[in-house]
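Engineer: Following this message is one structure expressed as structure tokens.
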Amino acid sequence: MFRLGTRGSPLALTQAGMVRDALMAAHGWDEVEIVVIRTTGDRVQDRALAEIGGKALWTKELDRALVAGEVDACVHSMKDVETFRPEAIAIAAMLPRADVRDRLIGADSVAALPRGATVGTSSPRRAAQLARLRPDLSTTLFRGNVDTRLGKLAAGEVDATLLAAAGLDRLGRHDTGAPIPLETMLPAPAQGAVGIETLADGPARALVAAIDDVDTHRAVRAERALLAGLRADCHSPVAALAFPKDGGLLLSAQLLTENGAEAVEGQMAGAEPVALGTALAQDLLARAPASVRRLFAG
């Protein structure tokens with residue numbers, strides 16, 4: 001039986017179920033086993049990821065299980081997958097991308113937040129973008145799964161919080177929060193995309209590739225190539241989004257200082273995802289003020 005590794009949060013299990021169903025439909029299988037693997041990122045909830053090891057805290061235990069042969073493939077939210085991956089592991093497929101926007105819970109819009117409001121977020125990108133839009137706002141560390149964060153908001157720990165629309169929709173919370181227009185807040189690279197990794201040279205790679213959404217995969221490859229070109233890490237406030245256009249891609253990106261005081265933005269079109277992401281990264285770094293550039297190019 002084919003075995004899918006996943007984190008154990010409600011959203012992760014929902015996404016693993018989506019992958020299971022797609023694989024069963026593609027191959028006519030009767031069953032796919034979902035194997036829950038607890039990660040360090042799930043266990044440590046009181047500190048920012050950047051302080052305790054970054055995105056690898058979501059992937060290292062799943063990587064170990066994959067390499068050890070305990071699972072055949074692993075399911076990830078692609079925005080949580082670090083930019084540089086082990087050579088033995090390949091991103092074999094991505095599901096069709098969901099809504100890429102952020103949603104604001106606690107107010108109808110960023111402009112409608114009360115003056116001096118406190119917003120809970122664990123994302124340097126969201127914190128910087130909020131500070132640029134509304135310097136009067138303050139942000140505080142907010143981690144945990146969707147229900148945990150909504151519970152903290154309901155308890156009055158903060159005035160508002162931001163969550164990815166894709167995750168809320170996949171959990172059936174279609175009416176939770178107000179979508180923030182892309183013109184107001186560009187999302188995290190790979191937001192809304194679910195990826196499936198396998199061993200690079202194993203038989204599972206071709207099986208999983210059968211459910212790949214080409215447009216999503218190409219867009220996310222461009223966004224991840226941008227991150228690679230920037231040498232961005234979990235401390236680096238960066239937003240990016242690629243769209244299919246005229247047979248190629250249109251990639252937009254924004255780099256910010258931590259406090260949002262300075263930023264650089266850009267947009268570029270191209271046919272080859274990696275070349276496009278790399279070129280836009282070079283352009284942004286060349287134009288960025290020193291205060292922004294110091295956070296990138298590692």
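Rule-based calculations on the coordinates, nothing more; no lab input. This one's a predicted model, so the numbers in the text were calculated from it and none came from an experiment. Ideal geometry is used to build each Cβ from the backbone, glycine not excepted, and the neighbour counts take in all protein chains shown.
Engineer: Between ASP147 and ASP246, 0.36 nm times their residue separation minus their Cα-Cα distance comes to what?
Structural biologist: Working: separation 99, 0.36 × 99 = 35.64 nm, distance 4.00 nm.
So the extension gain works out to 31.6 nm.
Engineer: Follow-up question, since we're still on this one. Using 1/(1 + (r/R0)^6) with R0 = 41 angstrom and r between the beta carbons of ASP175 and ARG64, what's the FRET efficiency to the nearest 0.05?
Structural biologist: Values: r = 39 Å, r/R0 = 0.95.
After rounding to 0.05, the efficiency reads 0.60.
Engineer: Kindly rank 165-172, 198-205, 27-34 from highest to lowest mean number of other beta carbons found within 10 Å of each residue.
Structural biologist: Numbers: 165-172: 19.5, 198-205: 16.4, 27-34: 11.8.
Listed from highest to lowest mean packing, they are 165-172, 198-205, 27-34.
Engineer: For the chain, give me the percentage of DSSP beta bridges that are antiparallel, rounded to the nearest 5 percent. Before the final figure, lay out each step's value.
Structural biologist: Numbers: 31 of 42 bridges.
Bridges in the chain that DSSP calls antiparallel: roughly 75 percent.
Engineer: Sorted by average packing, counted as other Cβ atoms within 10 angstrom per residue and highest first, what order do 121-130, 62-71 take? Write out the running numbers ahead of the final one.
Structural biologist: Details: 121-130: 23.8, 62-71: 16.2.
Put in order of decreasing packing, that is 121-130, 62-71.
Engineer: On a C-alpha basis, how far is the centre of the stretch 191-246 from the centre of the stretch 258-281 in Å? Whole number, if you could?
Structural biologist: Rounded to whole Å, the Cα centres lie 15 Å apart.
Engineer: In deg cm²/dmol, rounded to 500, what helix-only [θ] at 222 nm does the chain give when every DSSP H run of at least 4 residues adds -39500 (n - 2.57) and the total is split over its residues?
Structural biologist: Details: 11 runs with 105 residues, N = 298.
Per the formula, -10000 deg cm²/dmol.
Engineer: Related question: Treating only the Cβ of Lys, Arg, Asp and Glu as charged (+1, +1, -1, -1), what charge dipole size does the stretch 102-179 show about its Cα centre? Round to the nearest 20 debye.
Structural biologist: On the way: 11 positive and 8 negative charges, 53 e Å.
My answer is approximately 260 debye.
Engineer: Counting other Cβ atoms within 10 Å of each Cβ, which GluC sites (Glu not before Pro) in the stretch 128-208 have at most 13 and sit in a DSSP loop? Write down the numbers at each step before the final one.
Structural biologist: Working: sites: GLU157, GLU183, GLU197; in loops: GLU157, GLU183.
Sites meeting the loop and neighbour criteria: GLU183.
Engineer: Using Rg and Dmax of the Cα atoms in Å as the read-out, say which of [x] 18.7, 56; [y] 20.1, 67; [z] 19.0, 61 was calculated from these coordinates.
Structural biologist: Entry [x].
Engineer: Give the aspartates and glutamates reachable from LYS60 as a straight Cα distance under 17 Å; neighbours fewer than 8 places away on the same chain don't count.
Structural biologist: Candidates past the 8-residue exclusion: ASP42, GLU51, GLU70, ASP72, ASP80, GLU82, GLU87, GLU197, ASP233.
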